[in-house]
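Asks: Here's a structure for you.
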Amino acid sequence: MTTRTNSLKTTMQTSKNYEVRDPQSSIETQTLAINVGPQHPSTHGVFRMNVVLDGEVVTSLKPVMGYLHRNHEQIAENMSYAASMPYTDRLDYFNSMTNNFGWALTVEKLAAIDVPERVEYVRVIMAELTRLVNHVSAIGFLLNDLGAFFTPVLYAFREREKILDIFEEVSGSRMMCNYFRFGGLRRDVTPAVLEKIRGIVNKFPAFLDEFETLLTKNEILCMRCQNVGILPRDLAVNASITGPLLRASGVNYDIRKVDGYSVYNRFEFKVPLGPKGDVYDRYYVRILEMRESLKILDQALKGIPAGEIMAKKMLPFVKSPRNFKPPVGEAYGRVEGPKGELGFYVVSDGTAQPWRYHVRAPSFINLTILEDMCRGQKLADAIVILGSIDIVLGEVDR
Amino acid sequence: MFFGSGVIKGMLVTLKAFAASYFRGPDKGGIFTVQYPEQRLAEKENFRNFPFLVYDKTPDNLRCVACDICAKECPPKCITIVREFDKDNKPLKRPAVFSIDHTVCMNCGICEEACPFDAIFMDHNFEIASTDRQGDLLLQKEALLKSNDYFNKIRPTDASAIDAKRAEAEAKKKAAEQAAAAKAAAAAAAPKLAAAAADKPAVPTEPPKTV
């Protein structure tokens with residue numbers, strides 16, 4: 001009890017630094033400290049915001065996280081490299097394929113493993129399907145926060161479910177895929193599955209058109225989102241924000257373009273940028289990114305070659321991943337996850353377990369900018385701004 | 001366009017979906033959910049849930065040899081294996097205790113991948129809700145054992161591939177045994193020749209190194 005009152009006191013004190021008053025109000029009021037979360041439907045998990053309000057206007061907002069901390073990094077340092085793969089599924093549980101991708105890429109960099117062509121294509125296909133899954137549900141949940149209770153999110157989930165069926169068919173699990181291996185994949189993709197993916201890719205633009213008719217020009221959505229929670233370009237770069245949040249602020253930075261990892265440099269796609277950096281731009285950048293993802297999927301499905309699904313170097317470790325010992329050294333691998341730059345930093349001392357393992361989680365780093373975007377906005381808008389960042393608490397707390 | 005036209009267009013989309021939910025099929029915008037306990041979707045063959053142990057024909061014939069590899073590879077360490085010993089304290093190639101804690105298992109499927117004897121596989125059984133943590137969720141060997149026929153039923157592609165592989169290995173083993181027997185017979189028929197060959201000193205291929 002005492003600690004709680006103390007923390008409230010400190011937030012009250014810091015709030016005095018920002019003299020943000022509601023310009024429409026002429027009444028002098030006391031500031032009010034309230035807790036949003038940790039168990040609140042609009043905080044997207046167990047996340048708490050210590051908000052200080054002046055009337056309805058946010059004067060200070062302190063994010064409190066760590067409720068879902070599972071000690072992922074320490075656990076990974078105490079087990080073999082391959083055994084961490086199913087744990088990465090549980091970081092950002094919406095995008096387990098991308099998380100697998102990042103970890104596989106890092107270890108392949110560390111041990112200098114060449115990946116067969118077919119594997120690269122399947123990985124790109126899975127990563128882009130994941131992006132579709134993430135962006136439709138992120139937009140759906142953003143609309144939930146706006147008060148459009150569960151109608152858009154169910155339209156989104158209808159499409160998401162089709163893609164999760166594909167994931168289940170190739171990997172065995174809808175969300176905890178554990179599909180990538182160092183130098184390869186768990187199992188090959190059958191032609192029937194590729195045909196199903198082709199069907200999804202062909203039908204998805206029609207769904208996006210329907211989704212946009214439902215939302216993009218909706219006056220309520222425009223009024224709630226435009227000019228709300230503006231993230232200036234400079235601030236976004238200084239706070240090392242990545243992903244759609246950064247691109248909505250007009251910074252052209254996409255790791256698929258910058259690094260060209262895997263086979264991304266073979267595909268033609270554009271990087272959508274937002275003009276302003278408000279919540280509406282973040283919504284629309286995600287829609288456009290899905291359209292670009294469909295282009296990549298189309299090219300990847302056309303270009304996928306036949307061949308091996310495991311690197312020769314890694315074949316002995318398929319049956320005994322415990323014996324895989326990468327050489328001494330360090331590596332940082334990163335992928336453009338749907339939420340931003342997902343990076344894995346690993347230091348090897350030549351044993352079967354990593355000496356140091358670190359995850360650069362985009363949700364966590366994007367969340368640091370929340371107060372700057374919310375200050376001076378209404379409390380109801382703070383909820384929307386949080387929704388537009390698109391966090392998953394499994395990745396924030398790890 | 002007049003103010004509010006966006007909302008009206010959006011409403012038309014929902015109205016269309018509402019109508020479609022009555023008159024269209026699941027793949028054309030109609031209802032795609034099922035009423036779960038009564039209706040069920042077909043299981044995906046690769047679907048993986050908690051692991052089980054395979055036996056051939058009778059439960060005594062389990063394939064597991066208690067090598068402990070799956071327990072070592074298991075990321076959350078949910079498998080416990082104790083080897084069986086006979087009366088003379090000689091280790092047997094079978095487990096005395098094999099238990100999997102379902103409250104710890106995270107369905108990653110690494111045990112199935114690592115097993116060198118094709119003994120442990122991921123099941124399709126997901127209806128395991130229980131109020132008894134020790135009895136129903138900490139599964140012992142007897143509860144984990146399932147027949148190869150069951151495995152063939154739930155995952156025909158994988159099971160038939162593994163059966164073919166095992167049959168081939170069996171045939172090879174038999175052929176090798178037969179060849180060894182034939183060789184022994186031949187050696188018995190010509191003992192003098194074999195003895196002469198054995199007497200001949202082995203010629204070193206390279207001179208012994210001095211340290």
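Asks: I'm checking my understanding of the structure. Among residues of the stretch B:12-26 that are facing another protein chain (nearest Cβ under 9 Å) and not hydroxyl-bearing (Ser, Thr, Tyr), which one is surrounded by the fewest Cβ atoms within 10 Å (Cβ to Cβ)?
Replies: First pass over the stretch B:12-26, keeping only residues facing another protein chain (nearest Cβ under 9 Å): B:12-14, B:16-17.
In the following step, the residues that additionally are not hydroxyl-bearing (Ser, Thr, Tyr) were identified as B:12-13, B:16-17.
Values: B:12: 12, B:13: 18, B:16: 14, B:17: 18.
Of everything passing the filter in the stretch B:12-26, B:12 is surrounded by the fewest Cβ atoms within 10 Å (Cβ to Cβ).
Asks: What residue, among those in the stretch B:125-174 that are assigned to a helix (DSSP H, G or I) and aromatic (Phe, Trp, Tyr), is surrounded by the most Cβ atoms within 10 Å (Cβ to Cβ)?
Replies: B:151
Asks: Search the stretch B:107-124 for residues being under 8 Å from the mean Cα position of the chain (by Cα), among the acidic types (Asp, Glu) and outside any loop (DSSP other than H, G, I, E, B), and hand back the single one that is nearest to the other protein chains (Cβ to nearest Cβ).
Replies: Top of the filtered list is B:113.
Asks: Can you pull out the helices (runs of 4 or more DSSP H) entirely within the stretch A:67-147 that have at least 2 residues that are charged (D, E, K, R) and touching a Leu at 6+ places or on another chain (Cβ under 9 Å)?
Replies: In the stretch A:67-147, the matching helices (runs of 4 or more DSSP H) lie at A:117-146.
Asks: Looking for something aliphatic (A, V, I, L, M), in a helix (DSSP H, G or I), in contact with a strand residue (DSSP E or B) (Cβ under 6 Å, 6 or more places away or on another chain) and surrounded by 16 or more Cβ atoms within 10 Å (Cβ to Cβ) - is there at least one such residue anywhere in the stretch B:64-79?
Replies: Within the stretch B:64-79, one or more residues are aliphatic (A, V, I, L, M), in a helix (DSSP H, G or I), in contact with a strand residue (DSSP E or B) (Cβ under 6 Å, 6 or more places away or on another chain) and surrounded by 16 or more Cβ atoms within 10 Å (Cβ to Cβ).
Asks: Here are some conditions: (1) over 14 Å from residue B:74 (Cβ atoms); (2) in contact with a Phe, Trp or Tyr (Cβ under 9 Å, 6 or more places away or on another chain); (3) at pLDDT 85 or above. Residue B:131 meets all but one. Which one does it not meet?
Replies: Unmet condition: (2).
Yes/no per residue for (1) within 14 Å of chain B (Cβ to nearest Cβ); (2) under 30 Å from residue B:31 (Cβ atoms); (3) not aromatic (Phe, Trp, Tyr):
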{"site": "A:63", "(1), (2), (3)": "no, no, yes"}
{"site": "A:77", "(1), (2), (3)": "yes, no, yes"}
{"site": "A:81", "(1), (2), (3)": "yes, no, no"}
{"site": "A:118", "(1), (2), (3)": "no, no, yes"}
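Asks: Could you check residue A:260 against (1) free of Cβ contacts under 8 Å to residues at least 12 places away in the same chain; (2) assigned to a loop (DSSP other than H, G, I, E, B); (3) within 14 Å of another protein chain (Cβ to nearest Cβ); (4) under 24 Å from residue A:133 (Cβ atoms) and say which number it fails?
Replies: (3)
Asks: If residue A:163 meets every condition in (1) surrounded by fewer than 24 Cβ atoms within 10 Å (Cβ to Cβ); (2) in a helix (DSSP H, G or I); (3) touching a Lys or Arg at 6+ places or on another chain (Cβ under 6 Å); (4) β-branched (Val, Ile, Thr) apart from one, which number is that one?
Replies: (3)
Asks: Identify all residues within the stretch A:185-239 that are within 11 Å of another protein chain (Cβ to nearest Cβ), under 24 Å from the mean Cα position of the chain (by Cα) and either aromatic (Phe, Trp, Tyr) or not in a helix (DSSP H, G or I) (or both); write none if there are none.
Replies: A:186, A:207, A:211, A:216
Asks: Do we have residue A:94 as at pLDDT below 90 and closer than 21 Å to residue A:341 by Cβ here?
Replies: Yes, satisfied.
Asks: A further question follows. Could you figure out which of (1) closer than 30 Å to residue B:158 by Cβ; (2) free of Cβ contacts under 8 Å to residues at least 24 places away in the same chain isn't true of residue A:217?
Replies: So residue A:217 meets the others, but not (1).
Asks: Okay, next question. Within the stretch A:288-324, how many residues are farther than 16 Å from residue A:104 by Cβ, of a type outside the set (D, E, K, R), touching a residue at least 24 places away in the same chain (Cβ under 8 Å) and more than 14 Å from every other protein chain (Cβ to nearest Cβ)?
Replies: 13
Asks: Just to be sure before I move on: is residue B:50 touching a Phe, Trp or Tyr at 6+ places or on another chain (Cβ under 9 Å) and either without any contact (Cβ under 8 Å) to a residue 60 or more places away in the chain or assigned to a loop (DSSP other than H, G, I, E, B) (or both) in the structure I sent?
Replies: For residue B:50, the condition - touching a Phe, Trp or Tyr at 6+ places or on another chain (Cβ under 9 Å) and either without any contact (Cβ under 8 Å) to a residue 60 or more places away in the chain or assigned to a loop (DSSP other than H, G, I, E, B) (or both) - is not met.
Asks: Okay, moving on. Among the residues of the stretch A:140-160, write down those that are under 15 Å from residue A:204 (Cα atoms), buried (at least 19 other Cβ atoms within 10 Å of the Cβ) and within 10 Å of chain B (Cβ to nearest Cβ).
Replies: If the condition is that a residue be under 15 Å from residue A:204 (Cα atoms), buried (at least 19 other Cβ atoms within 10 Å of the Cβ) and within 10 Å of chain B (Cβ to nearest Cβ), then A:155 is the only one that fits.
Asks: Taking the condition without any contact (Cβ under 8 Å) to a residue 12 or more places away in the chain and away from chain A (no Cβ under 14 Å), does residue B:85 pass?
Replies: Against the criterion (without any contact (Cβ under 8 Å) to a residue 12 or more places away in the chain and away from chain A (no Cβ under 14 Å)), residue B:85 qualifies.
The values are calculated or read from the model by the stated rules, or taken from the named source; none is laboratory data. The structure displayed is predicted, hence computed values, not measured ones. Cβ sites come from the backbone with ideal geometry, for glycine too, and all protein chains shown count toward neighbours.
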